[in-house]
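The block underneath contains the structure these notes are about, expressed in structure tokens.
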Amino acid sequence: MRNKQWGLGLFSLLVYLFLLGPLLIISITSFEPGTVLKFPPDGFSLHWYRHIFEVQMFPKTFTTSIIISLIGNLLSLLLGIPAAYALNRFSFKGKDALNAAFLSPVLIPGIVLGFTMLKYLLVTYHLPLYAGLLVGHTVIMLPFIIRVVGSSLSSFDFAIEEAALSLGAGPLKTFFKVVLPNIRSGIIAAVLIAFLESFNNVDISLFMTGPGVSTLPIQMLTYVENYFDPTIAAISVLLMVLTGILMFGIERLMGLSYFTKR
């Protein structure tokens with residue numbers, strides 16, 4: 001029994017090292033004082049963290065990525081929540097085909113989807129770059145919203161909704177006062193997953209960006225093609241810290257809301 005526990009502990013340690021090892025190496029190399037990325041670093045310096053803000057395109061593309069992800073997330077919620085509700089609440093002809101159509105952006109290779117959007121949105125219909133980029137990111141976020149919100153709705157007891165309707169509440173009031181509060185955790189999870197998918201997206205953004213319009217991942221890709229300094233490692237560390245703070249804040253907010261209700 002003791003040998004079995006020791007083996008399980010060793011296996012768990014190897015799994016954690018495999019998952020967290022690259023993040024640890026990136027974090028350490030971001031403090032390299034020299035002009036070449038190396039591990040282990042020759043010293044300790046915050047120079048490359050300052051360099052991020054000295055390169056004008058990094059803050060600019062970060063802002064663009066945030067705006068596109070937030071607006072696209074909002075549009076995906078407006079489209080995805082009603083779609084997920086309809087797919088889980090009602091039975092109708094063509095339901096399976098419609099569900100497959102909503103999830104198709106996940107199944108199609110990103111480079112194929114990105115080229116298709118480039119051809120039709122920008123070349124054929126001459127949409128502005130920002131509008132085309134927003135449409136592309138909304139499309140790739142929509143399946144995650146529908147899938148995660150749909151999973152929450154699949155465990156929701158619609159008898160509660162019927163009870164509210166029978167007591168005189170209107171359909172809209174029932175939806176906003178009864179259904180949405182019960183799937184709030186699923187909506188928050190869907191928003192986070194979709195936001196990260198949009199913010200980190202490369203394949204769609206690569207086709208939908210152009211002169212003067214770019215996202216942070218594309219700018220990082222362009223930078224690393226020409227430079228081998230620790231700037232990208234420093235950006236990665238900052239993004240990891242921001243993600244951790246965001247996740248911690250949402251977790252605390254959800255916990256506080258839960259105990260307030262109790």
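In this structure, ILE193 does not satisfy being β-branched (Val, Ile, Thr), closer than 30 Å to HIS51 by Cβ and at pLDDT 85 or above. State whether the residues of segment 47-57 include one that is without any contact (Cβ under 8 Å) to a residue 12 or more places away in the chain and of a type in the set (Val, Ile, Thr). No - not one qualifying residue is present in segment 47-57. The single condition from (1) outside any helix (DSSP H, G or I); (2) in contact with a Ser or Thr (Cβ under 6 Å, 6 or more places away or on another chain) that GLY168 fails is (2). Kindly indicate whether VAL149 is assigned to a helix (DSSP H, G or I) and open to solvent by 20 Å² or more (accessible area, probe 1.4 Å). So VAL149 does not fit the description; no. Scanning segment 50-68 turns up no residue that is under 30 Å from PHE156 (Cβ atoms) and surrounded by 14 or more Cβ atoms within 10 Å (Cβ to Cβ). Is there any pair linking a residue in segment 176-198 that is closer than 23 Å to GLY136 by Cα to one that is in a helix (DSSP H, G or I) and among the hydroxyl-bearing types (Ser, Thr, Tyr), with Cβ under 6 Å and at least six apart or on different chains, and which? Note: pairs meeting the criteria are ALA194/SER76; PHE195/SER69; SER198/SER69. Take PHE92 and tell me if it is of a type in the set (Phe, Trp, Tyr), farther than 22 Å from LEU239 by Cβ and not in a helix (DSSP H, G or I). So PHE92 passes the test.
Within segment 90-106, the set of residues being of a type in the set (A, V, I, L, M, F, W, C) and open to solvent by less than 40 Å² (accessible area, probe 1.4 Å) comprises LEU103 only. Residue count for segment 193-222 satisfying the condition of being crowded, with 17+ Cβ neighbours inside 10 Å and either touching a strand residue (DSSP E or B) at 6+ places or on another chain (Cβ under 7 Å) or in a helix (DSSP H, G or I) (or both): 16. Selection over segment 107-138 of residues that are in a helix (DSSP H, G or I) and open to solvent by less than 80 Å² (accessible area, probe 1.4 Å) gives a count of 19. Entry remark, segment 111-126: residues being modelled with pLDDT under 85 and either among the small types (Gly, Ala, Ser) or in contact with a Leu (Cβ under 8 Å, 6 or more places away or on another chain) (or both) number 0 in total.
Conditions (1) in a helix (DSSP H, G or I); (2) more than 23 Å from PRO217 (Cα to Cα), marked per residue:
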residue	(1), (2)
LEU10	yes, yes
GLY21	yes, no
SER27	yes, no
PRO33	no, yes
SER45	no, yes
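Among the residues of this structure, PRO22 counts as one that is free of Cβ contacts under 8 Å to residues at least 60 places away in the same chain and under 27 Å from the mean Cα position of the chain (by Cα). Restricting attention to segment 152-165, the residues that are under 18 Å from ALA189 (Cα atoms) and not in a helix (DSSP H, G or I) add up to 2.
The values are calculated or read from the model by the stated rules, or taken from the named source; none is laboratory data. From a predicted model like this one, the values you see are computed outputs, not experimental measurements. Note: ideal-geometry Cβ built from the backbone for every residue, glycine included; neighbour counts use all protein chains shown. These accessible areas exclude ligands, DNA and RNA; they are computed on the full protein's heavy atoms, side chains included. Shrake-Rupley method; radii C 1.70, N 1.55, O 1.52, S 1.80 Å.
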